[in-house]
């Protein structure tokens, strides 16, 4: 199987380059990550992140044949050759397929991704109705792999100011939570020309999410909540 | 300016788009059914209170829609404050002049009404 992989070590290389690899087929290779691990055995200078190898940790997000995805859940047989692998677009490259996610997690932290409730805590737990709990489906499952933000042109244009689809999905996860009492503050914080309204409804985020979530729907719901709050 | 940035600007852009869409559709349907109205019919429309109000509302919607849209493009693509200021000033001046021109022509039309 033939691969073209983005290689760049800022300490050594003057500019990035694409390196070709030929990997003999192996019946053990099922997912792209299996092939990458074997390539790493051939060339130990090749760098990429991986951990859980089953689509839960989100570490091995990369651009696979022009589309962001997780190498560990990408079936190898479904890929057109040569398989072109690049780092997540719009993110600063640390080395090869490893990107710097500092800014991404700073946006995540900025939306305060935790329950805020100023009421005294109950003896056991804060209860929700089944309907209120259901409203969190499609929101809490995000694994923060950054496939969505790395495929969003609005995030490429303003990565330092636009929170991005992943951060906004997380923001809505707590806006929608019936146990959270900081909804008004959260909405007021997002009512900003950059933080939320850089989204141009391109919907690449929903298109590439490897967990089949819909950040664009979450963004629409935040806008709707802001509009309702302003009436 | 702060009052016209986030949610308000977004809402104004959508409401103005709705008005422009309705006005364009109505004009299109009228032209299809009645054909080109000619100068006297336009003049009568502009002199009617409902007609002049509609012209003014559509022009205002066009200018507001254009402003929010152009501002979005500038915020996305121009990152140098000086460039931003120059381009936004040009856009604001152009849209302001369009609105002023329509206002002046409409006022003159109404002033010369029989």
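Read the figures in this text as sums done on the coordinates, not as results from a lab. Remember, predicted model here, so these are calculated numbers, not experimental data. Every residue, glycine among them, receives a Cβ derived from its backbone with ideal geometry; neighbour counts consider all protein chains shown.
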Could you work out how far helix B:81-111 tilts from the main Cα principal axis of chain B, as a 0 to 90 degree angle to the nearest 10? 20
Relative to the longest principal axis of chain B, what angle (0 to 90°, nearest 10) does the C-alpha long axis of helix B:7-34 take? 30
If the elastic network links every pair of Cα atoms under 10 Å, which of A:121, A:16, A:75 fluctuates the most in the Gaussian network model of chain A? A:121
According to the square roots a ≥ b ≥ c of the eigenvalues of the Cα gyration tensor, what is the shape class of the protein assembly as shown, taking rounded for a/c under 1.5, prolate for a/b larger than b/c otherwise, and oblate for the remainder? prolate
Highest-MSF residue in chain A out of A:98, A:219, A:116 [GNM, Cα springs under 10 Å]: A:116
Nitroxide proxy distance, nm - points 7 Å out along Cα→Cβ at residue B:60 and residue A:183: 3.3
For chain B, set up a Gaussian network in which alpha carbons nearer than 10 Å are linked by springs, and say which option among B:46, B:25, B:60 fluctuates the most. B:25
For each of A:228, A:195, A:211, count neighbouring Cβ atoms within 10 Å of the residue's Cβ, then give the residues from fewest to most. A:228, A:211, A:195
What is the Cα centroid distance between the range B:1-51 and the range A:140-200, reported in whole angstrom? 34
Final fewest-first order of A:142, A:205, A:57 on the 10 Å Cβ neighbour count is A:57, A:142, A:205
Taking Cα atoms, how many degrees apart are the long axis of helix A:32-42 and the longest axis of chain A, rounded to 10 and kept between 0 and 90? 40
Using a ≥ b ≥ c from the Cα gyration tensor of chain B (square roots of the eigenvalues), is it rounded, prolate or oblate, where a/c under 1.5 gives rounded and otherwise the larger of a/b and b/c decides, a/b for prolate? prolate
From DSSP H assignment alone, runs of 4+ in the protein assembly as shown each adding -39500 (n - 2.57), the sum over residues rounded to the nearest 500 puts [θ] at 222 nm at -15500 deg cm²/dmol
For the range A:13-160, the spread of Cα positions along each principal axis, largest first, Å: 61, 38, 24
Within 10 Å of each residue's Cβ, count the other Cβ atoms and sort B:59, A:102 from fewest upward. A:102, B:59
What distance in nm lies between label points placed 7 Å from Cα along the C-beta direction at residue A:117 and residue A:135? 1.4
